[in-house]
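Only one structure is covered here, and it is reproduced in the block below.
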Amino acid sequence: YQRRVHGDLNHEMKAFSFLGALFVCSHVVLAIMPTVVLKNTAVGGVTLPAIGLGTGAYGMENEAYGTYPECADEPHKTGPPPPGCGENTVRMVLSWLRLGGRRLDCANSYYNQKSVGKAIALSGVPRKEIFILSKVGPTLPLGYNDTLSQFEDVLADLNVSYVDALLIHWPGPHPGGTDEGVSTDPLCNESSTLYNAKECRITTWKAMLQIFHSGRARSIGVSNYNETHLQELIDAGLPLPAINQCHFHPYSYALQRNVMQFCQQHQITFLAYAPLGTPDAHKFPGPQMSPTVLTDPVVVRMAKKYNVTPAQFILNWAWSQGVPSNPRTQSEPHMLENLNALNFEIDMSDRDQMYSLPQDTCAVDPTWYQCA
């Protein structure tokens, strides 16, 4: 169950004390979930629940459900061999929906959207109650026609007629390479003499606009874009995205602050992925940073002060800055923690104290793709 709050983000933040009220759903106590009204390239009134479920995972060896690293991919040539972990995805998404979660963060490059679609069908939750976000690229090629084609695959895999948000997953080819061939667009084909990263982003965004105007994506956006990438769209005279999804956690705040503020100035919802870091796939290097943000001494102390878990404190800290997020987990207790993370309010002094934590720069963590 969720109550949707309409109006701009400032209005919703003022209503925070009301939104933190609890209600009982069967034997589970859930916080009422606040939402963000999407702007720019979004159908009027479309709202994004503040907490979603990430569905991408890092396990590639058919790891058992709930073990680290979590595995969620169906079999594919660079992923787990048969039988794959699609059933893990089905179980995870079913648990999320049955516990009251209503936003799913998906992507074609997660290689599990058929399993997500299966879980949605099995859940019995009406399609209109679920906010489905998906992405095109980056392990699949970008470009105008490639984007249109990938979107058809997204709908077919999820077995839906529309998505609530569609994002460009990366501003260029993924650092790890492209798994599924090369772009048919010379502007996006790195081996072509006509390759142009900026023009590739522009033509890909034009395809996204075509999809938006078709009515089959209720909003469109980007992911991992910096201010320069967003300014390119402004300079080209094109409509701005509704969403920019980026990694955002206590060890990356200073690194993402400028793009977050740029987005907020232009009514682009800044959406966090990996808000708790990626504890099953990456440990932050010491000695200044803890292996995970969940064990950082300041985070632990703050969580104790508010009588919440470290994960709840971090998610609430992000939301106190107007940043919704989508943590990934296959644990039902952790799902419940996340769904109930926004029912308290952090003092501004405590929020600001978090800004002094060490940051995961590429100088100290050069092999991690989320460094900056």
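The values are calculated or read from the model by the stated rules, or taken from the named source; none is laboratory data. All values reported here derive from a predicted model rather than from experimental measurement. Glycine gets a Cβ as well: all are built from the backbone with ideal geometry, and neighbour counts include every protein chain shown. Accessible surface is based on the protein model in full, side chains and every heavy atom, while ligands, DNA and RNA are left aside. Shrake-Rupley method; radii C 1.70, N 1.55, O 1.52, S 1.80 Å.
Scan the range 326-355 residue by residue and report those that are exposed (fewer than 15 other Cβ atoms within 10 Å of the Cβ), under 28 Å from S223 (Cβ atoms) and polar (S, T, N, Q).
Listed by number, the list holds a single entry, S331.
Would you pick out the residues in the range 134-173 that are closer than 19 Å to H229 by Cβ and either of a type in the set (F, W, Y) or without any contact (Cβ under 8 Å) to a residue 12 or more places away in the chain (or both)?
Hits for the range 134-173 are Y144, W170.
Any idea which residue in the range 283-296 is most open to solvent (accessible area, probe 1.4 Å), counting only those that are assigned to a loop (DSSP other than H, G, I, E, B) and farther than 13 Å from V364 by Cβ?
P291
Regarding G101, is this residue under 27 Å from V136 (Cβ atoms), in contact with a helix residue (DSSP H, G or I) (Cβ under 8 Å, 6 or more places away or on another chain), assigned to a loop (DSSP other than H, G, I, E, B) and modelled with pLDDT of 95 or more?
Answer is yes for this residue.
Go over the candidates K114, K77 one by one and state the one that is open to solvent by 10 Å² or more (accessible area, probe 1.4 Å) and assigned to a helix (DSSP H, G or I).
Answer to the selection: K114.
Here is a yes/no grid of residues against (1) under 19 Å from the mean Cα position of the chain (by Cα); (2) of a type outside the set (F, W, Y); (3) over 22 Å from R127 (Cβ atoms):
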residue: S219; (1), (2), (3): yes, yes, no
residue: E227; (1), (2), (3): yes, yes, yes
residue: H247; (1), (2), (3): yes, yes, yes
residue: Y251; (1), (2), (3): yes, no, yes
residue: L255; (1), (2), (3): yes, yes, yes
residue: M260; (1), (2), (3): yes, yes, yes
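Could you tell me how many of the residues in the range 297-312 are in contact with a helix residue (DSSP H, G or I) (Cβ under 7 Å, 6 or more places away or on another chain) and assigned to a loop (DSSP other than H, G, I, E, B)?
1
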